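The values are calculated or read from the model by the stated rules, or taken from the named source; none is laboratory data. Everything numeric here is computed off the predicted structure, so don't read it as measured data. As a convention, Cβ positions derive from the backbone with ideal geometry for all residues, glycine included, and neighbour counts pool all protein chains shown. All accessible areas refer to the heavy atoms of the entire protein, side chains included, with ligands and DNA or RNA removed. Shrake-Rupley method; radii C 1.70, N 1.55, O 1.52, S 1.80 Å.
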Amino acid sequence: MSRLSRLLRPRTVALVGGSLVNRLVESCEEMGFIGEIWPVNPDRERLAGLECYPDLRALPSPPDAAFLAVNRGRTIEAVATLAEMGAGSAVCYASLFAEQGSDGAAYQRRLVEAAGEMPILGPNCYGLVNAVDGVALWPDLLGCQPVSEGVALISQSGNVGMNLSFQGRQLPVSHLITVGNQAMVGIEDLMEELLGDRRVKGIGLFLEAVRDPARFLAAARRALAARVPVVALMVGRSRRGAEIARSHTASISGMTQAYRALFDRGGVMRVETIPELLETLGVLVGVGPLRGNRIVSMSCSGGEASHVADLSEGTRLDFAPFPSGQAARVGRILEGRVKVGNPLDYHTFIWDDRARLERLFREVTSGPQDATMLVLDLPDREGDFSAFWKTARAMVTAQSVSKRPALVVSGLPENLSADLARELAAAGVTPVRGIAEALAGLDAAVRWGEAVHSQPPISPAAVPPPGDCLIHLDEAQAKARLGEWGMTAPRGKVTPASGVETAAAEIGYPVTIKVVGIDHKTEGAGVKVGIRTPGDLDLVLEEMLERYEGPFLVEETVGGVVAELLVSVRRQWPVGWLVTLGAGGVLTELVHDFVHFLAPVDPREVRAGIEKLKVGQLLVGYRGAPAADLGACVAAICALVDGVLGDEDVVEVEVNPLLATASGAVAADALLSLTG
């Protein structure tokens, strides 16, 4: 038996508390629990019609699982007793632990110490439901139904977990688990356990934080190899906020981007809303990982066809035209009355003609696309909807012939009959509520397919907390450190105002002059680029001395610049070292053009990231302009990342801009923060 098997599949359950025990017993009975239930309360003889035990030690045997519906002090006492008895696990419902700050954190440490090796779920959690084995350690209303297989939902929010249990989307839920503070049992523990159960067809996550990113990534990659989709909705912001307020990166990257990079590395599909979480799980379980991104959509309305096309913008989905031969055959079925396109508006003249609909749908689904969707609203209400059923069943018939991924999608979430959804799912056609949700699910299926066939990722490097004391190096000092890591910077010299002219003569014109010791120099008129003569230098220096005393950094001016990039590496504890690439210089916060990775990075990954940037078009020669040395840019970025990982004092480094030229990549400015 695994460490968590007694928690998820108990045969004996102790329910400790007062009035909530009644609801807990009801939950067990509703789910069909066949094991023994032992209420524990020193002041009651019976609870929920069952004999009540005065304390835990009076139980017939150590329980496999105990639900503790008592305050935090008594929870700690009960956990200690259960651990001494050899109980299997405990669910801790009480709050006022680490979520309440330092005082609560002290109580949580005591709770963990009391548990010893016994796993505990929570504290500050609602419990769990195992709908395939008939287990419900749940103290409130419950919408889950017994199923033979389904998707597992893990939530850090108890209330969201309860709401998820009431979903009416005919998405079978095998497990519903809330984790609360994750004092001992975390999301990664549960993922590892659930992946050992073949009845679990997918995993959905509603989460604020991952306790152990390395183990989470390992579990995600295991799910990917097993073709079990993992879909995550990440909410909340970092409790620490941005540690490094002086860099551009602090305002454009943080925990959200770090988690996205972690999910991308693990093949976890990210979504933005709860409906997307559920529908994307349904799509991925229904259609599997797609090998390509070609999609065909059908509807009997031009408005719906246009709506599908509009909503697909920003996705990876390709609504390519029908091949000429297929388009001609579709046109003949529709008697030339319809302009054949994709999305296809097949009009209503064949409405209620089952034979014609089947011919059309068989022809369309036989094409080279990776999935086909039919937009059809059929609500749960009185009325003659026989023609709607004929349309849906024609799609079922077509899919049974083509054996290709097919979906029936309602325009409004509430307009998909529960009976129809069940019939479609049983026949191998995926029902989806909402066009936007269907497109998000298909987009995820494309990304999942790419992840399934990708190379195994490099494990992210461990990252220490940033600490409270930081040392900020000036630009010249930062560039010296970059040089040690193998990056190129302009030749330069730091000098007082009296030595600027001499330094410029030694370096050679044109030169650039900067004030040392201030960040974001362009915003404070602290930099002047491309000074060509001593006379021009005198005028620039005179203007700068009105605002700054110096010292000044005099550097050679880099010519032939094709594009400017931003590159940063920063500690994003606890996830990892977050690498950010984007448009540099004055464009950084103007165009908001970024990609994010977790370190270490692979040169192929860096190159692909650069090519995704809008500014990346400049690097390959935009509209006939010269191209940059992309290989040099990739090498410089990899050298920066490797240098940071090999230097234990670094907290953050930002190169902005990294000047991409036809022959190299030069760090024109840099910020570097170290631990104190």
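Going 7 Å from the Cα of E501 in the Cα-to-Cβ direction, what parts of the range 537-566 have a backbone nitrogen less than 14 Å from that spot?
537-542
Using 1/(1 + (r/R0)^6) with R0 = 25 angstrom and r between the beta carbons of E313 and E450, what's the FRET efficiency to the nearest 0.05? Walk me through the numbers before you get to the answer.
Working: r = 20 Å, r/R0 = 0.79.
Result of the calculation: an efficiency of 0.80.
Counting DSSP beta bridges in the range 1-146, what percent are antiparallel, to the nearest 5? Please list the in-between numbers first.
Details: 5 of 21 bridges.
The antiparallel fraction comes to roughly 25 percent.
Beta carbons within 10 angstrom, averaged per residue: use that to sort the peptides 352-358, 309-315, highest first.
On the way: 352-358: 16.4, 309-315: 13.3.
The packing order, highest mean first, is 352-358, 309-315.
Can you tell me which of 46-52, 227-233 comes out highest on packing, and rank the rest after it, using the mean Cβ neighbours within 10 Å? Show your work: numbers first, answer last.
Details: 46-52: 14.4, 227-233: 23.3.
Peptide ranking by packing, descending: 227-233, 46-52.
Nearest 0.05, what FRET efficiency do E272 and E542 give at R0 = 45 Å with Cβ-Cβ as r?
Details: r = 54 Å, r/R0 = 1.19.
Here the calculated transfer efficiency is 0.25.
Give the long-range amide H neighbours of V91: residues separated by 5 or more places, or on another chain, with amide H under 5 Å away, using H modelled in the peptide plane at 1.01 Å from N.
So V91 has HN proximity to A66, F67, L68, L121.
Counting only C-alpha contacts under 8 Å and six or more residues apart, can you give the relative contact order of the chain as a whole percent?
9
Given Cβ point charges of +1 (Lys, Arg) and -1 (Asp, Glu) and nothing else, what value in debye, to the nearest 20, does the dipole of the range 514-663 about its Cα centre take? All intermediate terms of the calculation are to be shown ahead of the outcome.
Working: 12 positive and 23 negative charges, 132 e Å.
Here the range 514-663 has a charge dipole of around 640 debye.
Helix 354-365 against the longest principal axis of the chain: what's the angle in degrees, Cα atoms only, rounded to the nearest 10?
With rounding to tens, the tilt is 40 degrees.
Using 17 Å as the cut-off for backbone N distance, which residues of the range 425-445 belong to the label zone defined by a point 7 Å from the Cα of D380 along Cα→Cβ?
The answer is 425-426, 431-434, whose backbone nitrogens lie closer than 17 Å to the label point.
Report the local net charge at R44: Lys and Arg +1, Asp and Glu -1, summed over other residues whose C-beta lies under 13 Å from its C-beta.
-3
Filter K528/K614; K479/K614; K479/K528 down to the pairs with a C-alpha to C-alpha distance above 24 Å, please.
Numbers: K528/K614 27 Å; K479/K614 27 Å; K479/K528 18 Å.
Listed pairs above 24 Å: K528/K614; K479/K614.
Roughly what angle does helix 475-484 make with the longest principal axis of the chain, taking Cα atoms, 0 to 90 degrees, to the nearest 10?
70
Given a 1.4 Å probe and every protein chain left where it sits, what share in percent of the accessible area of the chain is carbon and sulfur?
Details: 13680 of 27890 Å².
It is 49 percent, rounded to a whole number.
Which peptide among 342-349, 450-457, 200-207 comes first, and what is the full order, when sorted by highest mean count of other Cβ atoms within 10 Å?
200-207, 342-349, 450-457
For the chain, build the charge dipole from Cβ charges (+1 Lys, Arg; -1 Asp, Glu) around the Cα centre, then report which of S324, V650, H592 sits farthest towards its positive end.
Toward the positive end, the furthest listed residue is S324.
Can you list the lysines whose alpha carbon sits under 22 Å from that of K201, skipping same-chain ones fewer than 8 residues off?
Cross-link targets: K403.
Quick check: net charge around M269, other residues with Cβ under 10 Å of its Cβ, Lys/Arg +1 and Asp/Glu -1?
-1
Under 1.5 on a/c is rounded, so check that first for the range 115-196, then, if it is not, pick prolate when a/b is larger than b/c and oblate when it is not; a ≥ b ≥ c are the square roots of the alpha carbon gyration tensor eigenvalues.
Prolate, since a/c reaches 1.5 and a/b exceeds b/c.
Among DSSP beta bridges lying fully in the chain, give the percent that are antiparallel, nearest 5.
Details: 53 of 104 bridges.
DSSP beta bridges in the chain are roughly 50 percent antiparallel.
Can you give the accessible area per residue of the chain, in Å², using a 1.4 Å probe?
Working: 27890 Å² over 676 residues.
Normalised by residue count, the accessible surface of the chain is 41 Å².
Would you mind working out the magnitude of the charge dipole of the chain relative to its Cα centre, with +1 at each Lys and Arg C-beta and -1 at each Asp and Glu C-beta, to the nearest 20 Debye? Walk me through the intermediate numbers first.
Working: 63 positive and 81 negative charges, 433 e Å.
In debye, rounded to 20, the chain gives about 2080.
Taking the Cβ of W138 as the center, what net charge do the other residues with Cβ under 13 Å away carry, scoring Lys and Arg +1 and Asp and Glu -1? Present the calculation step by step, with values, prior to reporting the outcome.
On the way: positive: R23; negative: E26, E29, E30, D140.
Its environment carries a net charge of -3.
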